[in-house]
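The values are calculated or read from the model by the stated rules, or taken from the named source; none is laboratory data. All values reported here derive from a predicted model rather than from experimental measurement. FYI the Cβ positions are ideal-geometry reconstructions off the backbone, even for glycines, and counts take in every protein chain you see.
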């Protein structure tokens, strides 16, 4: 819960500018935070396993309970075994979560976040600015009170529409609020005046002269339509093609489809280019001839200089034709290869979440037994350092796998490959009661080293 709270705070700080001031209802914000929490499990679960294991075994070591366990003839590996079983069960659950729940959570989260970031600001009428938020209206407010609803010095310009003529309205004070169904913005105006012009020569005004109307009012209420400004949800199917929104079955189908498209595109490219590069027809090998003489001449060995120049010109023209023809096809092939590579890397990531929990537990448990400190002090610092190392390597590896610098297996598993030997080394040191983090030991070592250097300097002198 602590790790998830920190990650949620990071999420809010990152997207606070995209969420604040847009009039979102509380259920929308809570729904977005719920989906963000589900997507953060891939980061929060390994970190929480690392932190909790360091805290648990650090507290046991600080209270000399590990000493009592060892004095009873129970080794550290035997004491860690029950927690290791729990972490394995947690890792299995994490695998099913990453395969079934995480793709759906990613789909909900990214679609809702996209709609929230594209939502227009709820500050429809800022101070001192001609606002065009509402169709056919231009509104200016000189000043707004702290409540955000009381307005001073309003000027409203309305364009001519089929429903009515254009007019200009000015009011000293006003008040705005949303209707109960959240479909309209209601503006109540007080102590104002309205100006409008209507053309003549129609059924309502037979006089061909234009009519100017001025009217004063003590109070007036207008409704502005919020249909185009209300929060709308985009169809989630538009986001379902991303690899993060797919489970293992869909990723396998995508990889097979990409492989077939790559093969068919390669065959089509070969058939297109053979028409340009096939200059000679080679007959089939005859069984009657036993010996063949190698052909050692080329096209440039025949003809005069004018013919040779024509050969070169034709060859350059053919090469340019092939280059222009294959440019778009090569881009298409690169896109297919990249998509297949990304799908394969994402398929491997489905397994790394569960394995990373075990790998980080192998670091956290012996680390806690070595430092012998519990609580949220030193364990937090150590866990953050190891997790940053793990996360940076994981991010670089996955990005390299998507870009093709590393294979999908190496890119997805490189973080596990790096930290697992560290966990095995720490487990060995903890089992042998090594003073790996004893500062006094290192202090004595350097003091003896400096004394030795001073003695050698004295002997040389």
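Please go through the stretch 132-146 and pick out each residue that is closer than 13 Å to residue 158 by Cβ and either touching a helix residue (DSSP H, G or I) at 6+ places or on another chain (Cβ under 8 Å) or touching a residue at least 60 places away in the same chain (Cβ under 8 Å) (or both).
Across the stretch 132-146, the qualifying residues are 134, 135, 137.
Got a number for residues in the stretch 48-76 being closer than 22 Å to residue 428 by Cα and surrounded by 14 or more Cβ atoms within 10 Å (Cβ to Cβ)?
Matching residues across the stretch 48-76 total 18.
Checking the structure you have, find out if any residue of the stretch 89-104 is over 30 Å from residue 237 (Cβ atoms) and surrounded by 13 or more Cβ atoms within 10 Å (Cβ to Cβ). Before you say what the answer is, go through the steps one by one.
Keep residues of the stretch 89-104 that are over 30 Å from residue 237 (Cβ atoms), which gives 89-92.
Now restrict to residues that are surrounded by 13 or more Cβ atoms within 10 Å (Cβ to Cβ): 90-91.
Yes, there is a match, as at least one residue in the stretch 89-104 is over 30 Å from residue 237 (Cβ atoms) and surrounded by 13 or more Cβ atoms within 10 Å (Cβ to Cβ).
Out of everything in the stretch 12-54 that is outside any helix (DSSP H, G or I) and in contact with a helix residue (DSSP H, G or I) (Cβ under 8 Å, 6 or more places away or on another chain), what residue ends up being modelled with the lowest pLDDT? Explain how you work it out, then say what you get.
Keep residues of the stretch 12-54 that are outside any helix (DSSP H, G or I), which gives 20-25, 40.
From what is left, the residues that are in contact with a helix residue (DSSP H, G or I) (Cβ under 8 Å, 6 or more places away or on another chain) are 22, 24, 40.
On the way: 22: 61, 24: 68, 40: 86.
Filtering the stretch 12-54 for residues that are outside any helix (DSSP H, G or I) and in contact with a helix residue (DSSP H, G or I) (Cβ under 8 Å, 6 or more places away or on another chain), the one modelled with the lowest pLDDT comes out as 22.
From 57, 114, 81, 100, grab the single residue that is closer than 26 Å to residue 19 by Cβ and part of a helix (DSSP H, G or I). Let's see the steps before the verdict.
On the way: 57 fails: closer than 26 Å to residue 19 by Cβ; 81 fails: closer than 26 Å to residue 19 by Cβ; 100 fails: closer than 26 Å to residue 19 by Cβ.
After applying the criteria, what remains is 114.
Taking the conditions exactly as written (surrounded by fewer than 19 Cβ atoms within 10 Å (Cβ to Cβ), assigned to a helix (DSSP H, G or I), within 25 Å of the chain's Cα centre (by Cα) and in contact (Cβ under 8 Å) with a residue 40 or more places away in the chain), does residue 109 satisfy them or not?
Working: surrounded by fewer than 19 Cβ atoms within 10 Å (Cβ to Cβ): no; assigned to a helix (DSSP H, G or I): yes; within 25 Å of the chain's Cα centre (by Cα): yes; in contact (Cβ under 8 Å) with a residue 40 or more places away in the chain: yes.
So residue 109 does not fit the description; no.
Could you tell me which residue of the stretch 402-436 is nearest to residue 58 (Cα to Cα), considering only residues that are free of Cβ contacts under 8 Å to residues at least 40 places away in the same chain and buried (at least 17 other Cβ atoms within 10 Å of the Cβ)?
414
Any residue that is farther than 17 Å from residue 361 by Cβ and crowded, with 21+ Cβ neighbours inside 10 Å - is there at least one of those in the stretch 376-384?
So in the stretch 376-384, the residues farther than 17 Å from residue 361 by Cβ come out as 376-378, 381.
With crowded, with 21+ Cβ neighbours inside 10 Å added as a condition, the list becomes none.
No - not one qualifying residue is present in the stretch 376-384.
Return the residue satisfying two criteria in turn: it lies in the stretch 221-239 and is surrounded by 14 or more Cβ atoms within 10 Å (Cβ to Cβ) and within 30 Å of residue 346 (Cα to Cα), and of such residues it is modelled with the highest pLDDT.
Our first condition is that a residue be surrounded by 14 or more Cβ atoms within 10 Å (Cβ to Cβ); within the stretch 221-239, this holds for 222, 224-226, 229, 231, 236, 239.
Those left that are additionally within 30 Å of residue 346 (Cα to Cα): 236, 239.
Details: 236: 73, 239: 76.
So, considering only residues that are surrounded by 14 or more Cβ atoms within 10 Å (Cβ to Cβ) and within 30 Å of residue 346 (Cα to Cα), the one modelled with the highest pLDDT is 239.
Filter the stretch 249-261 for residues that are surrounded by 16 or more Cβ atoms within 10 Å (Cβ to Cβ) and in contact with a helix residue (DSSP H, G or I) (Cβ under 7 Å, 6 or more places away or on another chain); which is farthest from residue 351 (Cα to Cα)? Reasoning before the result, please.
Of the residues in the stretch 249-261, the ones surrounded by 16 or more Cβ atoms within 10 Å (Cβ to Cβ) are 250-251, 254-255, 258, 261.
Filter again for in contact with a helix residue (DSSP H, G or I) (Cβ under 7 Å, 6 or more places away or on another chain), leaving 251, 254-255, 258, 261.
Working: 251: 13, 254: 18, 255: 17, 258: 22, 261: 27 Å.
Looking at residues that are surrounded by 16 or more Cβ atoms within 10 Å (Cβ to Cβ) and in contact with a helix residue (DSSP H, G or I) (Cβ under 7 Å, 6 or more places away or on another chain), I get 261.
The rows are residues; the columns are (1) in contact (Cβ under 8 Å) with a residue 60 or more places away in the chain; (2) closer than 25 Å to residue 79 by Cα; (3) in a helix (DSSP H, G or I).
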position	(1), (2), (3)
364	yes, yes, yes
369	yes, yes, yes
381	no, yes, yes
394	no, no, yes
397	no, no, yes
400	no, no, yes
